[in-house]
Structure formats: structure tokens, C-alpha cells
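Every number here is computed from the coordinates shown, using simple stated rules; none is lab data. This one's a predicted model, so the numbers in the text were calculated from it and none came from an experiment. Glycine gets a Cβ as well: all are built from the backbone with ideal geometry, and neighbour counts include every protein chain shown.
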Amino acid sequence: MSEKERIKDILKKAYGDFASYLELKYEEKIIHYLLEGTAYEKYKWITYNQTLVELKNVVKDELKVKELLYKLTENTDANKACIEVLDKLTTKNKEINRLYNKIINFK
């Protein structure tokens with residue numbers, strides 16, 4: 001199994017199936033960063049993915065999941081995108097707050 005296939009398998013186990021066009025574009029982008037990014041870029045993208053998984057599986061806010069997927073797949077500042085989406089959440093838990101604080105401190 002190639003490294004790319006292992007990453008895809010791990011992402012699928014955490015997120016679920018990447019079925020829509022938007023999800024597939026996000027999958028391509030995160031795999032790119034996890035394979036070719038610097039150690040710090042990998043760390044940041046793992047955190048962004050944790051945020052998506054938390055929004056999807058715990059907070060269960062599908063609209064915010066789609067918004068964040070869209071923003072992360074566009075060529076925008078991923079930090080800013082996550083912060084904007086998390087700032088608008090009405091339901092936050094300890095994990096969302098932890099991830100928010102972690103993202104705020106990225107340089």
C-alpha cells in the first residue's frame with residue numbers, strides 16, 4: 001500500500017466517505033499537504049482536519065462542515081478560514097474550543 005493510499009484510508013476512517021465533488025477536492029488538497037508539506041504544514045492540516053471531523057461527527061453542523069470544506073479547498077488562508085467558521089458557531093464544546101485556540105496560535 002502506497003503512502004497516499006494509507007493517508008486516504010486514515011482520512012476515510014476519521015471523516016467517512018469523500019463522495020461529493022467538494023469533499024474530493026478537499027481530500028486532494030489535504031493529501032498534497034500531508035505528502036509534500038513541511039512538518040509544520042502537516043501539523044496545521046492535521047488540525048484543520050480534526051476541526052472538520054469534530055464539526056461533522058460531534059457538533060453535527062453539516063452547513064459549517066460544507067462551509068469549511070469550501071474555504072479550505074479554495075486558495076485562501078486556511079487559518080483564517082477555520083477561525084471565521086468557528087467564530088460563527090453557536091454550539092461549541094471543549095474540543096472545538098481547544099482546536100480554535102490551537103489554530104489562533106498558528107504562525
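Here are some notes:
- In the range 60-79, the residues that are closer than 15 Å to I96 by Cβ and crowded, with 17+ Cβ neighbours inside 10 Å: D61, K64, V65, L68
- Single residue of the range 9-67 satisfying the filter (of a type in the set (V, I, T) and more than 13 Å from the chain's Cα centre (by Cα)) that is farthest from E84 (Cα to Cα): I10
- When the range 10-59 is limited to residues that are among the polar types (S, T, N, Q) and part of a helix (DSSP H, G or I), the one that is surrounded by the fewest Cβ atoms within 10 Å (Cβ to Cβ) turns out to be N57.
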